[in-house]
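Working notes, beginning with the structure itself.
The values are calculated or read from the model by the stated rules, or taken from the named source; none is laboratory data. Just so we're clear, the structure is a prediction, and the values are computed from it rather than from any experiment. Using ideal geometry, Cβ is built from the backbone for each residue, glycine included, and neighbour counts are taken over all protein chains shown.
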Amino acid sequence: MPRGQFSLERRAQAETAAPMRHALSEFLRALEIPEAVRLDVITAVGEALANAVEHAYRNGPVGDVKIVARVESDDVLAVEVVDRGTFAQPKPRPNRGFGLRIVRSIAHSVDLQTESGTTVSMRFELPPT
């Protein structure tokens, strides 16, 4: 499996999410990550990005959100979505609040850190090459 690292930071605004997902997808394509895994990663990262855009900076000026991705070993891809906003436990709302559940159902493992912003760390299993 080819190795590499991806890092992209932009303003946490709705119009930056799609280009960020597209850039990550191209990085994964260059690493020859299989399409099914690529789609899962982009879906999970999209949910984490949407959460950062919608919630991280709601109590102040808009800040940045960053995606970092790297192949940790032949069978693990690690991806982080990082913001420096304020984390708040989601309030139950009908037909809302599924983002982290979706991330957890797709990624092999998920770690959520909420000090100095929010970092969603995801790990995805890669098929043998």
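Quick notes on this one:
- Where R3 falls short, out of the listed (1) farther than 22 Å from L126 by Cα; (2) assigned to a loop (DSSP other than H, G, I, E, B): (1)
- Scan of segment 83-129 for residues that are in a loop (DSSP other than H, G, I, E, B), at pLDDT 85 or above, within 23 Å of E9 (Cβ to Cβ) and among the aliphatic types (A, V, I, L, M), ordered by number: A107
- Close pairs from segment 108-129: first free of Cβ contacts under 8 Å to residues at least 60 places away in the same chain, partner among the small types (G, A, S) and surrounded by 13 or more Cβ atoms within 10 Å (Cβ to Cβ), Cβ under 6 Å, at least 6 apart: D111/S121; R123/A78
- Single condition L24 does not satisfy, out of (1) in a helix (DSSP H, G or I); (2) more than 12 Å from the chain's Cα centre (by Cα): (2)
- Answer residue from segment 35-84, given it is of a type in the set (D, E) and either under 15 Å from R123 (Cβ atoms) or touching a Gly at 6+ places or on another chain (Cβ under 9 Å) (or both) and is surrounded by the most Cβ atoms within 10 Å (Cβ to Cβ) among those: D83
- Contact map, segment 36-50: first residue touching a residue at least 12 places away in the same chain (Cβ under 8 Å) and aromatic (F, W, Y), second residue assigned to a helix (DSSP H, G or I) and surrounded by fewer than 19 Cβ atoms within 10 Å (Cβ to Cβ), Cβ cut-off under 9 Å, separation 6 or more or different chains; the map is empty.
- For segment 44-82, the set of residues classified as within 16 Å of H108 (Cα to Cα), of a type in the set (V, I, T) and in a strand (DSSP E or B) consists of V71, V76, V79, V81, listed by residue number.
- Of the residues making up segment 11-34, those that are surrounded by fewer than 17 Cβ atoms within 10 Å (Cβ to Cβ) and touching a strand residue (DSSP E or B) at 6+ places or on another chain (Cβ under 7 Å) number 2.
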